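Since the structure comes first, as structure tokens, the remarks are kept for the end.
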Amino acid sequence: MSIEDFGLHRFSLAGRRAVVTGGNTGLGRAFSVALAKAGADVFVAGLGEDDGTTARLIEAEGRRMAFLKADITQAGVPADVVRTCVEELGGLDILVNSAGICLLADVEDFGRQQWDPMVSVNLTAAFELAHEASRVMVAQGAGKIINVASLFSFLGGRASPAYAATKAGIVGFTKAYCDELGASNIQVNALAPGYFATAITEATRSDPEADRRIVEHIPAARWGDVSDLMGAVVFLASRASDYVNGHVLVVDGGYLVR
């Protein structure tokens, strides 16, 4: 492809089918809606019931949404998610491993009761979903896997060593799968969000001292809005990123430079 041949159509996801785990809340909902706005049909796997908001936003774009209530940490469920997406949407081109949890405790109280579920959701389930999705993608000769990392892939995880460990693990896993799957025209990348205004950060944002400390560290001088991630996920899901592989795209308002 020459410079002259490049066009904005390479950002289009028309005709693509995407799985987004945790895609009916928070950052996952933003990813789901962004992919739909770019033209993809979206299969959402979520632990809780869908309240209809995500479906309404996706269907307003003229795209299809399918939903499966699923605990992706249970044996066989990742395979069920992939199989059901293929059955209901007709295929699978994009996987966004967005589901994640963060349990907090002081170091002397942080034990296996916090560690084990975070490893299961944040790392093991992401691996199993990518493993199942890659089988479909290798067979068709193309695909995009987008793992969700974090600032804490690079920083310590005060009050949650498991979060830092699992998100650092996501980066290593992303690079390993890139190395394995690149020759099959499958791009495996990660998004690393910074501090975003979501329900999970509400307690921190409502603490004036904690809020001030975080915002002062961000060159953009504000918390991220979920819409700030939408362009990034579309880029990594689209043909515009076909030569981007094994990369961690940080979306943090500049937090890491300070």
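Couple of notes before you dig in:
- What the Kirkwood sum gives for segment 29-181 is a hydrodynamic radius of 16.4 Å, with every pair of different alpha carbons counted.
- Other residues whose C-beta falls under 14 angstrom from the C-beta of Thr124 contribute a net charge of -3, scoring Lys and Arg +1 and Asp and Glu -1.
- Computed over neighbours whose Cβ is under 15 Å from that of Val188, the net charge equals -3, Lys and Arg +1, Asp and Glu -1.
- Computed with a 1.4 Å probe over protein heavy atoms only, the accessible surface of segment 117-180 comes to 39 Å² per residue.
- Note on the chain: Kirkwood radius taken over Cα pairs, Stokes-Einstein applied at 37 °C and 0.692 mPa s, translational D equal to 177 µm² s⁻¹.
- Rg and Dmax of segment 114-258, based on Cα coordinates, read 16.2, 52 Å.
- Sulfur and carbon atoms: percent of accessible area, the chain [1.4 Å]: 54
- Globularity ratio of segment 133-188, using Cα Rg and 2.2 N^0.38 Å: 1.34
- Low-density loop cleavage sites - chymotrypsin sites (Phe, Trp or Tyr not before Pro) in segment 178-233, where at most 14 other Cβ are within 10 Å (DSSP): none
- Leu256 contributes about 70 Å² of solvent-accessible surface, heavy atoms of the protein only, 1.4 Å probe.
- GNM remark for the chain: springs join alpha carbons under 10 Å apart, and the peak mean-square fluctuation among Asp51, Asp242, Asp207 falls on Asp207.
- Taking Cβ atoms as reference points and 14 Å as the exclusive limit, the residues near Ala75 contribute a net charge of -4, counting Lys and Arg as +1 and Asp and Glu as -1.
The values are calculated or read from the model by the stated rules, or taken from the named source; none is laboratory data. Nothing here was measured: the structure is a model prediction, and the numbers come from that model. Here Cβ is always computed from backbone atoms with ideal geometry, including for glycine, and neighbour counts include all displayed protein chains. Only protein heavy atoms, including side chains, enter the accessible area calculation; ligands, DNA and RNA are left aside. Shrake-Rupley method; radii C 1.70, N 1.55, O 1.52, S 1.80 Å.
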